[in-house]
Amino acid sequence: MKFLTVLFTVFLMASAAFAGRNVVYKSGDGEYESYYAHVSASAPLVFMIQDWDGITDYEIKRAEMLNKLGYSVFAIDMFGKGIRPAAVEDRKRLTGELYADRAKMRRLLDAGYAKAKELGANVSNAVMMGYCFGGAVALEYARAGAPLKAFIPFHGGLATP
């Protein structure tokens, strides 16, 4: 019987690790919708920055993979609630606007950071990672002096304005 109790407890813990949810918050006049997959209050936190198509199933899958390893994940929305561009022209426009306005880019990151902190995420033990466009965004936050332990760009752009 004790074995079944332990097995059931492990199953519940594993299930809880994938309890991700969408989180809506404001930045300036805009509304943003990030994805938060929380493990525990003490779990290290990974801020994830999307590729140029917004937060999609890819980012959610990666968040679940990181959860399984014991990390909480907060995927910061860089485009706005419901904006998940499918056309290349739209992706270029949205990323181009942020590349041209680094102050806005940093404000969006600050808003995501503040929301994660408000939700009880462990921002004192956090890193930021990003894919392509997201990698460039992560590097921008590093240059801004953000209080994170590491910044991990996956083929992120190195150019600065």
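The values are calculated or read from the model by the stated rules, or taken from the named source; none is laboratory data. It should be emphasised that the depicted structure is a prediction, and the values quoted were computed from it without experimental measurement. Every residue, glycine as well, gets a Cβ built from its backbone with ideal geometry; the counts of neighbours run over all protein chains shown. Heads up: the accessible areas ignore ligands, DNA and RNA and are worked out on the full protein's heavy atoms, side chains in. Shrake-Rupley method; radii C 1.70, N 1.55, O 1.52, S 1.80 Å.
See the values below:
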read-out: With Cα atoms, 0 to 90° folded angle of helix 133-143 axis to the chain main axis; value: 90 degrees
read-out: Accessible carbon and sulfur surface of the stretch 58-119 relative to its total accessible area, %, 1.4 Å; value: 52 percent
read-out: Length released on extending from S40 to K68, taking residue separation times 0.36 nm less the Cα-Cα span; value: 8.9 nm
read-out: Average projected area [Cα convex hull, the stretch 36-75], square nanometres; value: 2.4 nm²
read-out: Hydrodynamic radius (Kirkwood) for the chain, which is based on Cα pairs only, to one decimal in Å; value: 16.1 Å
read-out: Extension gain, A86 back to H155 (0.36 nm per residue minus Cα-Cα distance, nm); value: 22.8 nm
read-out: 0 to 90° range, to nearest 10: angle between helix 57-68 axis and the chain longest Cα axis; value: 40 degrees
read-out: Paramagnetic reach from S124 (point 7 Å along Cα→Cβ, amide N under 19 Å) across the stretch 136-154; value: 146-150
read-out: Percentage relative contact order, the chain, counting C-alpha pairs under 8 Å, at least six apart; value: 23 percent
read-out: Rounded to 5, the percent of DSSP beta bridges in the chain classed as antiparallel; value: 40 percent
read-out: Anchor K115: lysines whose Cα lies under 25 Å away (excluding residues fewer than 8 positions away in-chain); value: K26, K61, K68, K81, K104, K149
read-out: Probe 1.4 Å, accessible area per residue of the chain, Å²; value: 53 Å²
read-out: Where trypsin sites (Lys or Arg not before Pro) fall in DSSP loop in the stretch 57-86, at most 16 other Cβ within 10 Å; value: K81
